[in-house]
Amino acid sequence: MFDFNQFNKILEKNSKKNDVLKCGESYLYHILYHQLPVEQIDFSSFTLQDIDRVIDNFCWDFDYIEDTDEFNILPTSPLYAMASTYNVVHILNSTEVRKVKPKHKFL
């Protein structure tokens, strides 16, 4: 008989643990979006080149409307993706009824 618990433990042990939000340009956008204080920033998680790329691309993340003096975040921006994701998570967390799926699918 196949031991699914043992199989799941091996999968979890050998899985690659890489938090995309904690490295490079993604982490910089995370810092900007959440306006993290300096004390909470892990400066070893990004390089000077990452900062340069974010600065170079930052002007392309927004659309300025002169008539109303508004800035809109463009859908191609990583900030747009973050805002959308956090908005969905907020909506899900505010629902009264939540059903959690099992962690591992039965084969």
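We did not get these values from a lab; they are worked out from the coordinates using the rules stated. These figures come from a predicted structure and were not determined experimentally. With ideal geometry, Cβ positions are generated from the backbone for all residues, glycine too; neighbour counts draw on all protein chains shown.
For the range 43-68: of the residues being surrounded by 14 or more Cβ atoms within 10 Å (Cβ to Cβ) and aromatic (Phe, Trp, Tyr), which is farthest from TYR33 (Cα to Cα)?
The residue in question is PHE46.
Would you mention how many residues in the range 18-61 are small (Gly, Ala, Ser) and touching a Lys or Arg at 6+ places or on another chain (Cβ under 8 Å)? Walk me through it before giving the result.
Restricting attention to the range 18-61, the residues satisfying the condition of being small (Gly, Ala, Ser) are 24, 26, 44-45.
Restricting the remaining residues to those that are touching a Lys or Arg at 6+ places or on another chain (Cβ under 8 Å) gives 45.
Looking only at that region, the number is 1.
Report, by residue number, each residue of the range 42-57 that is charged (D, E, K, R) and in contact with a Gly (Cβ under 6 Å, 6 or more places away or on another chain).
We begin by selecting, within the range 42-57, every residue charged (D, E, K, R); these are 42, 50, 52-53, 56.
The one that is charged (D, E, K, R) and in contact with a Gly (Cβ under 6 Å, 6 or more places away or on another chain): ASP50.
So is SER94 within 25 Å of LYS22 (Cβ to Cβ) and out of contact with any helix residue (DSSP H, G or I) (no Cβ under 6 Å at 6 or more places or on another chain) or not? It would help to see each step written out before you state the result.
Details: within 25 Å of LYS22 (Cβ to Cβ): no; out of contact with any helix residue (DSSP H, G or I) (no Cβ under 6 Å at 6 or more places or on another chain): yes.
Considered against the rule, which asks whether it is within 25 Å of LYS22 (Cβ to Cβ) and out of contact with any helix residue (DSSP H, G or I) (no Cβ under 6 Å at 6 or more places or on another chain), SER94 comes out as no.
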